1. May I ask you to sort 115, 45 by Cβ crowding, counting other Cβ atoms within 10 Å and putting the fewest first?
2. Mind listing which chymotrypsin sites (Phe, Trp or Tyr not before Pro) in region 402-449 are in a DSSP loop and have 12 or fewer other Cβ atoms within 10 Å?
3. In vacuum, with every alpha carbon of region 225-366 counted as one equal point scatterer, what does the Debye formula give for log10 I(q)/I(0) at q = 0.21 Å⁻¹? Two decimals, please.
4. Run through region 273-374 and list the GluC sites (Glu not before Pro) located in a DSSP loop whose Cβ has at most 11 other Cβ atoms within 10 Å.
5. If you bin every alpha carbon distance in region 403-445 into 10 Å steps from zero, what whole percent lands in each bin?
6. Could you tell me what fraction of 2.2 N^0.38 Å the Cα radius of gyration of region 275-330 comes to, as a two-decimal ratio?
7. Can you give the Kirkwood hydrodynamic radius of region 350-451 from its Cα pairs, in Å with one decimal?
8. Could you tell me what % of all Cα pairs in region 46-96 have separations over 18 Å?
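Derivation of every value follows stated rules applied to the coordinates shown; laboratory data play no part. None of the values given here were measured: they were computed from a predicted structure. As a convention, Cβ positions derive from the backbone with ideal geometry for all residues, glycine included, and neighbour counts pool all protein chains shown.
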Amino acid sequence: MNRKSKALKGLLALAIVIALCMFFARTVQTITTPKIQRISPSKGKLEQKISLTGEIYFPQTETVKLENAKKLPVTVETVNVRPGHYVEAGDVLFTAFSPEFDSKYQELQTKRDEKVKEYAGELASHIRLAQTTKHNDIYNEMMDAMEAYYMARYAVTAQAAAEGYTLAEEGSLATITDGSEALNALSAKLLDATALRDEKVQQLSDLYNDKLKGAYRVGDTTFEYVKKAEELRGQIDDLDRQLLELAALNDSLKEVRAPHAGYITAFELKSGDTVDGSKPVCAMTPAEGLPVLRAEVTQVDKPLREGLKVVLTDSDTETEVSGLENGAEGKKYANVKLDGKIIKAAGGLSRMLAAESIPLTLTYKAQKSATLLPASAVRSDGSGSYYVYTVERSYGGLLDSSGYKLTKTTVTVLEKSDQVVSVAEDLSYREIADREDRTLTDGQAVMDYVD
């Protein structure tokens, strides 16, 4: 083997050794260099889907009472509604009957019959006497005027006390002009009542002293008879009125109707229950009132607002947040808008009321655009500051392949979701390191994952 052949063999062996060194060097480099995924930031508004549960809530309700049942308690017969039903004005809520009606009506009827018999007896025993006299008329007018005077006097005294008005001597009650408009008006009425009282007292006095023209005093027998007969007729008329009112009251309580249109929000009566007017019979919304879905958002760390999109999970119907409010014990709630179509799609209000909770998804969306990054690419130093690693190209030497170098870059976090973070800095045209296979440091060489 000549010298030239030996040299060629030596060069070949050297080339093989160099190639092997480069191969193993790159293999070692591949093994020891951190792998990353390079990502590009995007611009947009941060969105996050928040799973919540809600329940039917009525922002406005009013109770319905059966005041007339205080006069005549009733027993429930049939119930036509339940919570969640929508009723129109006049719809029958329940039917009822009064166990006491017959006995009360009979009691009044008996009293009336007794008074009719008493009056008939008086009339029969005094049939020859005058049935009315001017003497009795003047006497009755004086009694009415006296009663009206004392009622007017009491009204002025009560109004003055309510206003804190200090009264002078008693005679000034009918001459007040420096009080409120209401007090002055009552005082003026008292002045008129005083004048009428004095007039009627004077007429009766003149009658007894034979000074009243066109009238004269009758004998005591006739006067007392006419007086008693008038009282009996008045008592009969009053009992007739009470009988008519009791019958009308009984009829009005047989069917209890809705006072206006609205949703029934509470109804606990059942057949056989007694209603005596002391408690509400039900609760309902105002005529234009609608329920909402009320979801607790105390733990939600996003600035929620009206108009955010909400989807009812079970019925896949879309609505929105209609308002936010604070509740007891520091709790916060989001009210979700409902309408007839949404309620129908969810199976009706009764079904929604019966559900312990109604699942829904609220989509939070930021109001301003910002740089968006995967949450895994944004790191914290533990003191409340955040940073990312930007990736820059670096070129190697003979035994190095070209790769990348990291630069630690501080960022200002605006908002976070489970998977995305929005930052204030504009990182356009920059690549960010993400999903590394080991801990990274500032200035460190990295490389892409090898397929």
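1. Going from sparsest to densest Cβ surroundings: 45, 115.
2. Taking region 402-449 and a limit of 12 other Cβ atoms within 10 Å, the loop chymotrypsin sites (Phe, Trp or Tyr not before Pro) found are 429, 449.
3. -1.31
4. Sparse-neighbourhood loop GluC sites (Glu not before Pro): 288, 356.
5. 20, 50, 29, 1
6. Output field value: 1.63.
7. 16.6 Å
8. Here the tail beyond 18 Å accounts for 57 percent of pairs.
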